[in-house]
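Shown next, in structure tokens, is the structure this report addresses.
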Amino acid sequence: MKRNNKIHLFFLFALTLLMSSCETQIGTAVGAAFTNLLTGAGFRSSSGTEAYEALKNESMAHSGQSPFGSNCKTPNDALEVIGTKDSKNFSAIKDKMCTCEAWGTCDSKSCSCQMLCPKNFDILNRSKTANDDSAENSLSFTNSDGEFYAKYSDYTGFCWGHAVITQRFNRLAQFLPDRPRLGADDPLVRQRELKSIISKINNNEPVDIGGYKNLKEFSTDPEVKELLEDTVKKNWARNAMSTQGLHIVASGEPNPVEETKKLFDDIDFRVKHNQMPAIVINDMNESSYAHTVLVSGTGSTDDGKRYLCIRDNNYAPERSYDCKNKMFLNADGSLNYSAWPYRKIGKMELSYTENSNTVEQISNLQSKCASDKGCNGLF
């Protein structure tokens, strides 16, 4: 479809939506539709894919290399040095050791900046939670929480926004519970700093968050929760009013078998390289019933059937934990999802912002790491 046709599609769709009040979920999408139309946001772009493929090649070229520099020792090395009879001193030695890996405890004098701040997917190891689908690493509210959508009489879900914000926090946020909470003694300062954190997250920038143990605790804070719910809604609107969002609800016709298999291969690579990609699916017979989820793992059954571990924001995190929700690839190329026992999956696509967001996040994380580790200008 040519760009002009895409613009006309947006324009006509947005005009239709204007008949609705802005207090409805449909009304919430109207502003995003016009923003996408006027700014060009929401259109598919090959630039992000090209940059992602370059990162992929870089990561594959460095796979299998030792994460340890010449001046670092692993715990096993230390045990060999002190000997079994001196193992009581192991704790003291371990505390003095450093690690030469992405965001490791070494500085640039002990190991290379290329190890500490790699320009590839390894940099996503910052939070050590990139593929952690536990409740502690999740938002405190689900896409189905009644309080979340109480004022929307036409609510159908903010799943795409929920998935994107969860993914961004998992990749970009470092929680530092021993530090004081931001603006703890000044409500105005606190509000400004909380908004700054969320703004940076939305811009794919890394953030340090003091005073909270994890995402669940952070998003449980009433003031934080209100801000996060608002940004989830806005992110949903931007994505739902994209060309992909409109395309996915227009047809439930399944992808060709080979295309689906390649998509499984791609998702498998992403999961194994510190990513938890977002995918969009719909119902074969009711294409407007669409849903966006995160993929936290991959695997195969004993008889060779491949599956994806789905982190579904419609449910409490405990229901998704440890691959309780699975999406299976059948021999004929069809898909079935354990959380949709009465529905048949039609289309499945990678979220159209997945590549561009990942590339931008890696660049920003690498810059943050270089600053923290004294690596600026040393690459």
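Before moving on, here are some points about what is shown:
- Note on the range 123-144: residues that are modelled with pLDDT under 90 and assigned to a helix (DSSP H, G or I) total 3.
- Hits in the range 157-201 (condition: touching a residue at least 60 places away in the same chain (Cβ under 8 Å) and of a type in the set (A, V, I, L, M)): Ala163, Val164, Ile165, Leu172
- Some residue of the range 247-262 being within 17 Å of the chain's Cα centre (by Cα) and among the hydrophobic types (A, V, I, L, M, F, W, C): no
- Taking the range 277-292 as the range and being modelled with pLDDT of 95 or more and assigned to a loop (DSSP other than H, G, I, E, B) as the test, only Pro277 passes.
- Scanning the range 334-365 for residues that are part of a helix (DSSP H, G or I), surrounded by fewer than 20 Cβ atoms within 10 Å (Cβ to Cβ) and either hydrophobic (A, V, I, L, M, F, W, C) or in contact with a Pro (Cβ under 8 Å, 6 or more places away or on another chain) (or both) turns up just one, Asn364.
- Test: residue in the range 350-368 that is more than 26 Å from Gly161 (Cβ to Cβ), touching a Phe, Trp or Tyr at 6+ places or on another chain (Cβ under 6 Å) and either in contact (Cβ under 8 Å) with a residue 40 or more places away in the chain or acidic (Asp, Glu) (or both): no
- Meets criteria (more than 16 Å from the chain's Cα centre (by Cα), in a helix (DSSP H, G or I) and buried (at least 19 other Cβ atoms within 10 Å of the Cβ)) for Ala237: yes
- Qualifying position, being in a helix (DSSP H, G or I), under 30 Å from Leu176 (Cα atoms) and either at pLDDT 95 or above or of a type in the set (Phe, Trp, Tyr) (or both), among Glu205, Glu217: Glu217
The values are calculated or read from the model by the stated rules, or taken from the named source; none is laboratory data. Since this is a predicted model, take the numbers as computed values, not measurements. Cβ atoms come from the backbone with ideal geometry, glycine included; neighbour counts cover every protein chain shown.
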